[in-house]
Amino acid sequence: MTVEPGKLYLVPTPIGNLADMTYRAVEVLKNVDLILAEDTRTSGVLLKHYDIGTPAQSFHAHNEHKKVEETILKLKEGRSIAQISDAGTPGISDPGFLLVREALANEIPVDSLPGATAFIPALVKSGFPCDRFVFEGFLPHKKGRQTRIESIKEETRTVVYYESPHRLLKTLQQFKEILGERNVSVSRELTKKFEETVTGPIDDVLTYFSTKSIKGEFVIVLEGAK
């Protein structure tokens, strides 16, 4: 496969199961001049698995502002660059937006490959309407958290959140207190060995996870207001 010089490629990576990598994604990563990785150690496992020897540099939330200008210069010089995150599609609750915005502002072509992202399988398997939905990403840890939840009180579309294991119970409890009784679908460890989805009234789902050791990455799919 031939990649185009001076082009930015956004390449999704598996959210757990390495077999979910697409042929095209592997070929792009093998043929670009440089890979920008959220964590080169994490991505190193994937790159080694697919025998990808392309040089990789870190590009994450703590250095992306500094790295954007440097990356734009490399693209203008004609280098082809692929950006990947630790898992899923760059820009979806991961670094990517700033670089894409600057690339477009500098008339640099951007190609976004289709591929893995956690919220789509969780949404589809929830059984809630998915013809219209809202993706909210991660809730704020503290300030503004309650306001964000209150803002979807009258939202009739299905609402999707990402959540960490440390805040899962708190989030479900706040949904119950602020939004009242709703149905919710919680998926964890999607595509991995211990993948699990629990769907039902918030009370039931809260009770279930209160009795478990909470591990993994979570997607919460919340039923819209009636």
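The values are calculated or read from the model by the stated rules, or taken from the named source; none is laboratory data. Note that the structure is a prediction, hence the values are computed from the model and not measured. Note that we place each Cβ from the backbone using ideal geometry, even for glycine, and neighbour counts take in every protein chain shown. Areas reflect the complete protein model, heavy atoms only, side chains present, ligands, DNA and RNA absent. Shrake-Rupley method; radii C 1.70, N 1.55, O 1.52, S 1.80 Å.
Some notes on this structure:
- Looking across segment 1-28, the residues that are hydrophobic (A, V, I, L, M, F, W, C) and more than 14 Å from Ala116 (Cβ to Cβ) come down to Met1, Val3, Leu8, Val28.
Yes/no per residue for (1) within 21 Å of the chain's Cα centre (by Cα); (2) of a type in the set (Lys, Arg); (3) within 30 Å of Ser187 (Cα to Cα); (4) open to solvent by 50 Å² or more (accessible area, probe 1.4 Å):
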{"position": "Met1", "(1), (2), (3), (4)": "no, no, no, yes"}
{"position": "Thr13", "(1), (2), (3), (4)": "yes, no, yes, no"}
{"position": "Leu18", "(1), (2), (3), (4)": "yes, no, yes, yes"}
{"position": "Asp51", "(1), (2), (3), (4)": "no, no, no, yes"}
{"position": "Gln57", "(1), (2), (3), (4)": "yes, no, no, yes"}
{"position": "Gly78", "(1), (2), (3), (4)": "no, no, no, no"}
{"position": "Ile81", "(1), (2), (3), (4)": "yes, no, no, no"}
{"position": "Asn106", "(1), (2), (3), (4)": "no, no, no, yes"}
{"position": "Val110", "(1), (2), (3), (4)": "yes, no, no, no"}
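Matching residues to (1) farther than 30 Å from Ile84 by Cα; (2) at pLDDT 95 or above; (3) among the charged types (D, E, K, R):
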position: Pro121; (1), (2), (3): no, yes, no
position: Val134; (1), (2), (3): no, yes, no
position: His141; (1), (2), (3): no, no, no
position: Gln146; (1), (2), (3): yes, no, no
position: Val160; (1), (2), (3): no, yes, no
position: Gln173; (1), (2), (3): yes, yes, no
position: Pro201; (1), (2), (3): yes, yes, no
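- Of all the listed residues (Val205, Val160), the sole one being open to solvent by less than 80 Å² (accessible area, probe 1.4 Å) and more than 22 Å from the chain's Cα centre (by Cα) is Val205.
- Subset of segment 180-195 that is open to solvent by less than 70 Å² (accessible area, probe 1.4 Å) and out of contact with any strand residue (DSSP E or B) (no Cβ under 8 Å at 6 or more places or on another chain) - its residue that is nearest to Asn17 (Cα to Cα): Thr191
- Within segment 148-165, being in contact (Cβ under 8 Å) with a residue 24 or more places away in the chain and in a loop (DSSP other than H, G, I, E, B) holds for Ile152, Lys153, Glu154, Glu155, Thr156, Arg157, Ser164, Pro165.
- Total residues in segment 118-131, condition surrounded by fewer than 18 Cβ atoms within 10 Å (Cβ to Cβ), part of a loop (DSSP other than H, G, I, E, B) and in contact (Cβ under 8 Å) with a residue 12 or more places away in the chain: 3
- Segment 23-49: number of residues that are open to solvent by 50 Å² or more (accessible area, probe 1.4 Å) and touching a Lys or Arg at 6+ places or on another chain (Cβ under 9 Å): 1
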